[in-house]
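The values are calculated or read from the model by the stated rules, or taken from the named source; none is laboratory data. Because the structure is a prediction, the values reported are computed rather than measured. All accessible areas refer to the heavy atoms of the entire protein, side chains included, with ligands and DNA or RNA removed. Shrake-Rupley method; radii C 1.70, N 1.55, O 1.52, S 1.80 Å.
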Amino acid sequence: MDQTKPHPLESFPGATLAVTLPMTGLEVIIRKLDVEAIRNDGMRTALSLPALREVSQSFAQIAAGEMQKGDGPARNRGELPPEVMLDIEREMKRALIRTALIRPDLDTLVALYGGSLEAPDLGLGPDYSYLAGQIDTFSSPQAGEAEKDAARTFPVSERGSAERSGGKVRGKAK
């Protein structure tokens, strides 16, 4: 791990953030991410895993059988079983952490903790959720003053009562 040479992103204001992990006091440098792009990639990765493909196929067969019977509660098409959704969420969180870490990288951080990439929390303990939360918070778009002012305003009609959506349409329909 080269501590002397800074990452190129560190020269841009607001592109990186130093985070101190509470359990160990270790400082890590994270970058701002496009969370949606990483989540989509994590979902693609999780769904392409052979085991998940097999589960998805068996789920599709069960769902097709239920639809042919016509009895029982109808499921939305494309709805995945909870186990698959949990696997997808785990892969997305790991992808966020792997991509956001600048210094140290994920493999080095896991080695520092004596963990493994197969462990549910990568061996980071409570620092895993803390780090994931910091990455999500730092990378999420923050509302500016203009957006906050717009949210504070509420459209009021000339009569002084709150506007109801579709009110003009309902009036014309009568």
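The table for this structure:
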quantity	calculated
Residue-level accessible surface for Thr16, protein heavy atoms, 1.4 Å, Å²	30
Gained length - Glu83 relative to Ser116, 0.36 nm times residue gap less alpha-carbon distance	9.7 nm
Largest to smallest accessible area among Tyr128, Tyr113 [probe 1.4 Å]	Tyr113, Tyr128
